[in-house]
């Protein structure tokens, strides 16, 4: 969609991530999460919960822990940088 000039928002990304998780496409879900942050769309608690719940339910607690360690810290760091810049 972004190739067609459409800018995705938090709702769109969260929905796509949720769909990937429902179909056990964990790599694609985490790729979308990283893309979202890279595009400057910061995830909210709902997005994080979708990803973490799906990983735990899919029997991937190590991946969920990695998300918490890396991606959540990255997001919080990015949010703080945006707050300080404003």
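Scanning the stretch 19-62 for residues that are farther than 19 Å from residue 7 by Cβ and surrounded by 19 or more Cβ atoms within 10 Å (Cβ to Cβ) yields 20, 21, 29, 30, 50, 51, 52, 54, 55. Taking the stretch 14-34 as the search range and keeping residues that are assigned to a helix (DSSP H, G or I) and free of Cβ contacts under 8 Å to residues at least 12 places away in the same chain, which one is nearest to the chain's Cα centre (by Cα)? Per the criteria, the residue is 31.
The numbers here are math on the coordinates, done by the rules we state, and not lab data. All of these numbers come straight from a predicted model, not from anything done at the bench. With ideal geometry, Cβ positions are generated from the backbone for all residues, glycine too; neighbour counts draw on all protein chains shown.
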